[in-house]
Amino acid sequence: MQRTLPECLPTPRLIIGAEELTSGSGGSHEHRNPATGEVQAVVPMAGAAEVDAAVTAARAAFPGWRDLDLNRRRDILLEIARRIVADQERLAAIATHEMGIPNLLAGPTAQMAADWFTYYAGWIGKAGGDVIPVAAGDALDYVRYEPVGVIGAIIPWNGPLVAIGMKIAPALAAGNCVVLKPPEHASFTALRFAELAAEAGLPPGVFNVIPGDGQAGAPLCGHPGIDKITFTGSAESARKVLTTAAQAITPVILELGGKSANIVFPDGDLDAAVTMAVGAGLVTLSGQGCMLPTRLLVHNDIYDEVVARVTGAAQQLTVGDPWEPTTVMGPLATAAQLERVSTVVSKAVADGSGKLLGGGERPAGLSGGYYYSPTVFGDVDPASHLAQKEIFGPVLSILRFNSEDEAVQLANNTEYGLAAYVHTRDLRRAHVLSAALDAGGVAVNGFPIVPSAAPFGGIKQSGFGREGGIWGLREFQRTKNVYIGLS
């Protein structure tokens, strides 16, 4: 298969208003190709000075974008969606270079992101206010939903294009301007999106891109010109975001980690359950996803069968060069992620947290990149790190249960609450467990692709606030009550 050359990557830079900067006060970052470990670009990073310039540009652009004819705003978002789809091949190539996603699996993310822009374009001009009942003839009381202002958006490295769709589309649809901080090791997707948005007619300053690390994140979260922050990342980073934002009393949306339970009952479709356990729990993003079903809870009556099938399927996965058409699992995104996963697995083996059934090592012949074999642990201790903490790698933890109550207890017994999954043909059980599971979303007999019309978000240490649907739009609007006396 012909490799796409690194020239597909956009020029590393900061985009602030109409300006493009090739250096920043936050220094620079050597971006390494996850598949080879080799440096393929040097990314300039923002610091406090560039954050301030970006917020200033966004505030200057805000009145014009807020007051733009609604039909024009809608058309710009629709054109952005069209251009994302048209650019799918290049965006997929960028994702492969940037995160090591197998190229043949990276393409659909463009359509997903475009769907969010199409969906929220449809809300423009339709998300009206409310009239409040008062005594007839005395007054008119109504509610206006207005844009918040300037949004500080911080996205993760594991799925930047989808994150842009989930955050930027509703923010722009509501009439806000945005300062986006992509992580230093995953900035190319955001920069390419900025190019597409500008070509679609988005005015300068409405969307600004400032790659960086904490030197940009902290001043962005604490900037008095930021009206709301939307953040996706780890709980550890979220605590820093909240602490900094609290100084300016800036509201925050948090979409954090997960340790989602995938519960399989004897009456479930075992073929589908095994396929999902391996495909979503190990293969997708090489396990680097917040809502992935990384805990497999299996009823004792079918435990041995399911474990054998999952372990066998995991051993058949092709891990390797993300440009090869037979590859289904690429490398981890960074050397730090590889070290983290390796450390967790080694410790679990040493302390007997579970029985290692497969993997647990770097695959032979792939030492140049950040590869790790799909790893399966059985009979995992429910109190162990394997069962309790987000690993963010291709590591699946399997636990036994004997009853519905025990399954719910095990599923809820973590600090997270992002998603949960159930495999059963029993309609009563499906509804009962959906109500009992502590999660922002529950899927029965399937793995959702986060529909743009549905609310997505977590509870507990998985965050708060929602992305998607009217709920996601309202996150980027402020509520104003207007009372007009008539007597």
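The values are calculated or read from the model by the stated rules, or taken from the named source; none is laboratory data. Bear in mind that the values here come from a model prediction, so they are computed numbers and not experimental data. Every residue, glycine among them, receives a Cβ derived from its backbone with ideal geometry; neighbour counts consider all protein chains shown.
Brief remarks on what is shown
- Exactly one residue out of E255, E236 is closer than 27 Å to V43 by Cβ, acidic (D, E) and crowded, with 24+ Cβ neighbours inside 10 Å, and it is E255.
- Of all residues in region 143-161 being more than 14 Å from the chain's Cα centre (by Cα) and within 19 Å of I226 (Cβ to Cβ), the one that is surrounded by the most Cβ atoms within 10 Å (Cβ to Cβ): G152
- Look at region 301-325: where a residue is under 27 Å from T96 (Cα atoms) and a partner is of a type in the set (K, R) and surrounded by fewer than 18 Cβ atoms within 10 Å (Cβ to Cβ), sitting 6+ places away or on another chain with Cβ atoms under 6 Å, you get W323/R3.
- Criterion (over 20 Å from R90 (Cα atoms), in contact with a Pro (Cβ under 6 Å, 6 or more places away or on another chain) and crowded, with 17+ Cβ neighbours inside 10 Å) met by exactly one of V43, V51: V51
- So F207, is it among the aromatic types (F, W, Y) and either closer than 20 Å to T250 by Cβ or in contact with a Cys (Cβ under 6 Å, 6 or more places away or on another chain) (or both): yes
- Wholly within region 31-102, helices (runs of 4 or more DSSP H) carrying at least 3 residues that are of a type in the set (V, I, T): 48-66, 70-86
- Residue match in region 134-153 (condition: in contact with an Asp or Glu (Cβ under 9 Å, 6 or more places away or on another chain), at pLDDT below 95, more than 27 Å from G201 (Cα to Cα) and in the same structural domain as G217 (by TED's automatic domain parsing)): yes
- The residue pairs whose first member lies in region 171-199 and is part of a loop (DSSP other than H, G, I, E, B), whose second member is among the charged types (D, E, K, R), and whose beta carbons are closer than 6 Å, counting only pairs six or more residues apart or on different chains, are G175/R66; E184/D213; A186/E98.
- Qualifying residue in region 99-122 (condition: hydroxyl-bearing (S, T, Y), under 30 Å from G393 (Cβ atoms) and more than 16 Å from the chain's Cα centre (by Cα)): no
- G214 in contact (Cβ under 8 Å) with a residue 40 or more places away in the chain, of a type in the set (G, A, S) and assigned by TED's automatic domain parsing to the domain that holds N71: no
- Of L386, L410, L332, L396, all but one fail to be in the same structural domain as Y303 (by TED's automatic domain parsing), assigned to a strand (DSSP E or B) and at pLDDT 95 or above; the exception is L396.
- Considering (1) assigned to a helix (DSSP H, G or I); (2) surrounded by fewer than 24 Cβ atoms within 10 Å (Cβ to Cβ), the lone condition that I164 does not fulfil carries the number (2).
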